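Asks: Okay, handing you the structure first.
Computed from the coordinates by the stated procedures, all read-outs in this text should not be read as laboratory data. What you see is a predicted model; the values in this text were computed from it and never measured. Cβ atoms come from the backbone with ideal geometry, glycine included; neighbour counts cover every protein chain shown.
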Amino acid sequence: MRRVVCPGSFDPVTNGHLDIIGRTSRLYDEVVVAVLINVEKRSLFTVDERIEMLQAVTKEYGNVRVEKFHGLLVDFCRQQGIPAIVKGLRAVSDFDYELQMAQLNYRMSGVETLFMSTNPEYSFLSSSRLKEIARYGGDVSGLVPDLVRQLLVERLRG
Ligand code: ADP
C-alpha cells in the first residue's frame with residue numbers, strides 16, 4: 001500500500017488544497033489528510049469542523065482519509081506507517097521555509113517530502129487571505145467548494 005500524507009491547518013480547506021489532494025490521490029493508494037491541532041493559533045473553525053468539511057469535499061476521491069494530529073508530523077507518520085509527505089508549493093516564498101522543514105524532517109526520521117507545484121489558478125490563494133476576503137464581504141465562490149463558502153459566510157456573519 002503506497003500511502004502519503006498531506007498536512008496543514010485547513011482553516012478552512014480551499015480549492016488550492018483540494019487541487020493538491022486530488023492530484024496526489026491519483027498517484028498513491030491512500031492519501032491521509034492530517035489536520036494540525038495547534039492550540040496557540042486562533043482558528044475560525046474547530047479541528048472537528050475542519051475535518052467534517054474535508055471529509056465531505058474529498059469523499060469523491062475514494063482513497064482519502066482525514067485525521068488530526070498534534071506534535072511532530074514525523075511522529076504521526078511513524079505511527080501511521082507513512083513514508084512521505086506531499087506539500088503544495090505556491091511561490092518561491094513558500095520554498096525557503098518548506099525546504100528547511102523537508103530537510104529537518106528527513107534528518108529526524110527519514111520521512112521524505114515531495115513538492116507538487118500549485119495549479120496557477122490557485123497560486124495566490126491561502127486560507128488566511130480567503131478569510132480576509134470573506135470577512136469584508138468579498139465573493140469567494142470559485143476559491144472554495146460551495147459547502148465551505150456557505151459555512152464561511154455563516155461563521156463570519158456571527
Ligand atoms: P494555508 O493557511 O496557507 O492555506 P495550510 O497549512 O492549510 O496553509 O496548507 C497546507 C498545505 O497546503 C501546505 O503544503 C500549503 O503549501 C498547501 N497549500 C495551501 N494553499 C495552497 C494553494 N493555493 N495551492 C497549492 N498548495 C496550497
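Asks: Ranked from highest to lowest mean number of other Cβ atoms within 10 Å per residue, what is the order of the peptides 39-50, 4-15, 81-92?
Replies: 4-15, 81-92, 39-50
Asks: Which lysines, on any chain, are close to Lys131 with Cα under 17 Å apart, when same-chain ones fewer than 8 places away are left out?
Replies: Hits, sequence-local ones excluded: Lys41.
Asks: Additional query: Lys/Arg Cβ at +1, Asp/Glu Cβ at -1, dipole of segment 1-105 taken about the Cα centre: which of Gln103, Ser9, Val35 is farthest positive-ward?
Replies: The one lying farthest along the dipole's positive direction is Gln103.
Asks: How large are Rg and Dmax for segment 1-75 when calculated on the C-alpha trace, in angstrom?
Replies: Gyration radius and largest Cα-Cα distance of segment 1-75: 11.9, 36 Å.
Asks: Let me ask something else about it. Taking the Cα centre as origin and putting +1 on Lys and Arg beta-carbons and -1 on Asp and Glu beta-carbons, what dipole magnitude results for segment 1-128, to the nearest 20 debye?
Replies: For this selection, approximately 220 debye.
Asks: Please work out the FRET efficiency for the pair Gln55 and Gln100, using the Cβ-Cβ distance as r and a Förster radius of 30 Å; give the result to the nearest 0.05.
Replies: 0.45
Asks: Using just the alpha carbons, could you tell me how many Å³ per residue the convex hull of the chain encloses?
Replies: Hull volume over Cα atoms, normalised by residue count, gives 112 Å³.
Asks: So how do 29-35, 108-114, 134-140 stack up, highest first, on mean other-Cβ count within 10 Å?
Replies: The peptides rank, most packed first, as 29-35, 108-114, 134-140.
Asks: List the residues whose amide H sits under 5 Å from the amide H of His70, counting only those 5 or more places along or on another chain, with H placed 1.01 Å from N in the peptide plane.
Replies: Ile37
Asks: In addition: 222 nm [θ] for the chain, helices only, -39500 (n - 2.57) per DSSP H run of 4+, per residue, to 500?
Replies: Counting only the DSSP helices, I get -13500 deg cm²/dmol.
Asks: ³J(HN,Hα) across segment 105-115 via Karplus (A = 6.51, B = -1.76, C = 1.60, θ = phi - 60°), whole Hz, x for Gly/Pro?
Replies: With the stated coefficients, segment 105-115 comes to 4, 5, 4, 6, 9, x, 6, 7, 10, 10, 9 Hz.
Asks: Would you please state which residues of segment 99-123 a label at Leu27 would reach in this model, taking the label point 7 Å out along Cα→Cβ and a backbone N cut-off of under 11 Å?
Replies: 113-118
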